[in-house]
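Peer 1: Here it is, the structure, as structure tokens.
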């Protein structure tokens, strides 16, 4: 080995790895480096539409929850930009996503443990270290961290019709402006679909367009962000959730869908108000359709138009819709990255092909216990609905740093919550198990 062995090599630089890098920046003795194939940091540029908001408090930034004195907090960013008081005076109900994206880019520009324009070709483990191969060199690390994010989910019925006029929301900012057709259909009833609808209805040409919004859900449902629901987004809950048997985790996550995948009330209100104005105040007969409880069965491009076949879950009928353009707000899906192929048979994956994650977010695999593979945004099934959200990224980063260092560098102890997810006897057993593990 000719290169120094890193304590941690991180692959992918999004908000989650940016948080981990910011925490490790406070520990000069840690030899870490994060790599990304992009030329510079850019957070979901295809979804940076005007007016979209963050669904998370600005206090849940990269570092504040676990390292409030860090120079990489959102408050530090505001001070550096000379607009701390102006931001407070604006009294945003929710932060503009563009503002948070600029904060993230500001942090990325300031950290010196990030390397952009570096494409990882493969990762192997031999001679007691991970070998991370690039086109021109190989770097070595004792531990690995995966933060490559999820891939756009294109349902089977949409695979063959992708193009300039049928695309995923990850490309929306680049392609929406070029749509010339009069009939537009948005498929997907989550926050991304709502943001596309809000954008379309806000454009001057909306009065002359036919716009339909299709959702498989029974209605266009608001995000559940009540105080007790927000308890799902606390370390205490995540720790209890991880300890559940696998048979209980999946049904629990399904029941909590709207806590992490609902639509913000302000966005729904804006859509309804804009639809009212178009239908009743524009002076035109506007063709606007909200189509909940529809499951798309087929999508084809024939005769210069798209033809959708849907099943109506309300009355059981089969319906058809024609369109000139289709936007797929169909979410994202987990896949094991190709560069891990040399380790493929050594990873412990469940029946769905998902990582089996330990409590410290490391992957179960057949390598040495001291050689960890941490995975971020890959544990909704193991750690609950908060895992893919921004809410707990600072806490998760601190958990990973403690595991990496083998000591409690960050004090993550919290006062017991008034919400008791398990009974006293289960709490006692959990404490006993933790004590024996130590």
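The values are calculated or read from the model by the stated rules, or taken from the named source; none is laboratory data. These figures come from a predicted structure and were not determined experimentally. Cβ atoms come from the backbone with ideal geometry, glycine included; neighbour counts cover every protein chain shown.
Peer 1: Is it the case that residue 376 is buried (at least 20 other Cβ atoms within 10 Å of the Cβ), within 25 Å of the chain's Cα centre (by Cα) and modelled with pLDDT of 95 or more?
Peer 2: yes
Peer 1: Would you mind stating whether residue 60 is assigned to a loop (DSSP other than H, G, I, E, B) and over 21 Å from residue 13 (Cα atoms)? Break it down into steps so the answer makes sense when it comes.
Peer 2: Details: assigned to a loop (DSSP other than H, G, I, E, B): yes; over 21 Å from residue 13 (Cα atoms): no.
Judged against the criteria, residue 60 is not a match.
One line per residue, one yes/no per condition, for (1) in a loop (DSSP other than H, G, I, E, B); (2) in contact (Cβ under 8 Å) with a residue 24 or more places away in the chain; (3) touching a helix residue (DSSP H, G or I) at 6+ places or on another chain (Cβ under 8 Å):
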residue: 298; (1), (2), (3): no, yes, yes
residue: 307; (1), (2), (3): no, no, no
residue: 311; (1), (2), (3): no, no, no
residue: 315; (1), (2), (3): yes, no, no
residue: 370; (1), (2), (3): yes, yes, no
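Peer 1: Among the residues of the range 301-360, write down those that are farther than 28 Å from residue 170 by Cα and crowded, with 18+ Cβ neighbours inside 10 Å.
Peer 2: Selection gives 343, 347.
Peer 1: Only one of 69, 64, 138 is surrounded by fewer than 18 Cβ atoms within 10 Å (Cβ to Cβ) and either touching a helix residue (DSSP H, G or I) at 6+ places or on another chain (Cβ under 9 Å) or farther than 21 Å from residue 371 by Cα (or both); which?
Peer 2: When all the criteria are applied, what remains is 69.
Peer 1: Right, next: Out of curiosity, is residue 330 under 20 Å from residue 189 (Cα atoms) and under 21 Å from the mean Cα position of the chain (by Cα)?
Peer 2: yes
Peer 1: Determine, yes or no, whether residue 145 is in the same structural domain as residue 115 (by TED's automatic domain parsing), closer than 30 Å to residue 373 by Cβ and either in contact with a helix residue (DSSP H, G or I) (Cβ under 9 Å, 6 or more places away or on another chain) or not in a strand (DSSP E or B) (or both).
Peer 2: It is true that residue 145 is in the same structural domain as residue 115 (by TED's automatic domain parsing), closer than 30 Å to residue 373 by Cβ and either in contact with a helix residue (DSSP H, G or I) (Cβ under 9 Å, 6 or more places away or on another chain) or not in a strand (DSSP E or B) (or both).
Peer 1: Can you confirm whether residue 108 is assigned to a loop (DSSP other than H, G, I, E, B) and surrounded by 12 or more Cβ atoms within 10 Å (Cβ to Cβ)? Please lay out each step first, then the result.
Peer 2: Values: assigned to a loop (DSSP other than H, G, I, E, B): no; surrounded by 12 or more Cβ atoms within 10 Å (Cβ to Cβ): yes.
Considered against the rule, which asks whether it is assigned to a loop (DSSP other than H, G, I, E, B) and surrounded by 12 or more Cβ atoms within 10 Å (Cβ to Cβ), residue 108 comes out as no.
Peer 1: Then there's this: Which residue, of 158, 193, 189, is surrounded by 14 or more Cβ atoms within 10 Å (Cβ to Cβ), at pLDDT below 95 and closer than 22 Å to residue 320 by Cα?
Peer 2: The match here is 158.
Peer 1: Same structure again: From the list 21, 40, pick out the single residue that is in the same structural domain as residue 133 (by TED's automatic domain parsing), under 26 Å from residue 373 (Cβ atoms) and at pLDDT 95 or above. Break it down stepwise before answering.
Peer 2: Numbers: 40 fails: under 26 Å from residue 373 (Cβ atoms).
Sole residue among the options that is in the same structural domain as residue 133 (by TED's automatic domain parsing), under 26 Å from residue 373 (Cβ atoms) and at pLDDT 95 or above: 21.
Peer 1: With surrounded by 16 or more Cβ atoms within 10 Å (Cβ to Cβ), within 25 Å of residue 144 (Cβ to Cβ) and assigned by TED's automatic domain parsing to the domain that holds residue 110 as the only criterion, which of 87, 35, 58 stands out?
Peer 2: Residue meeting the stated conditions: 35.
Peer 1: Okay, moving on. Which is in the same structural domain as residue 295 (by TED's automatic domain parsing), closer than 22 Å to residue 289 by Cα, in contact with a strand residue (DSSP E or B) (Cβ under 6 Å, 6 or more places away or on another chain) and surrounded by fewer than 20 Cβ atoms within 10 Å (Cβ to Cβ), of 202, 210?
Peer 2: Values: 202 fails: in contact with a strand residue (DSSP E or B) (Cβ under 6 Å, 6 or more places away or on another chain).
210 is the lone residue from the list that is in the same structural domain as residue 295 (by TED's automatic domain parsing), closer than 22 Å to residue 289 by Cα, in contact with a strand residue (DSSP E or B) (Cβ under 6 Å, 6 or more places away or on another chain) and surrounded by fewer than 20 Cβ atoms within 10 Å (Cβ to Cβ).
Peer 1: For the range 188-286, list the helices (runs of 4 or more DSSP H) that sit wholly inside it and hold at least 3 residues that are out of contact with any helix residue (DSSP H, G or I) (no Cβ under 7 Å at 6 or more places or on another chain) and farther than 28 Å from residue 393 by Cβ; which are they?
Peer 2: Because the criterion is at least 3 residues that are out of contact with any helix residue (DSSP H, G or I) (no Cβ under 7 Å at 6 or more places or on another chain) and farther than 28 Å from residue 393 by Cβ, the helices (runs of 4 or more DSSP H) in the range 188-286 that meet it are 265-276.
Peer 1: Of the residues that make up the range 250-261, is at least one under 30 Å from residue 209 (Cα atoms), under 22 Å from the mean Cα position of the chain (by Cα) and at pLDDT below 95? Walk me through it before giving the result.
Peer 2: From the range 250-261, those under 30 Å from residue 209 (Cα atoms) are 261; that's our starting set.
With the extra rule that they be under 22 Å from the mean Cα position of the chain (by Cα), the set shrinks to 261.
The next check asks that each one be at pLDDT below 95; those that pass are 261.
Yes - at least one qualifying residue is present in the range 250-261.
Peer 1: Let me ask something else. Please state which one of 75, 30 is in contact (Cβ under 8 Å) with a residue 40 or more places away in the chain and either surrounded by fewer than 19 Cβ atoms within 10 Å (Cβ to Cβ) or in contact with a helix residue (DSSP H, G or I) (Cβ under 7 Å, 6 or more places away or on another chain) (or both).
Peer 2: 30
Peer 1: Right, something else. So which residues in the range 391-409 are surrounded by 20 or more Cβ atoms within 10 Å (Cβ to Cβ) and in a loop (DSSP other than H, G, I, E, B)?
Peer 2: Result: 391, 392.
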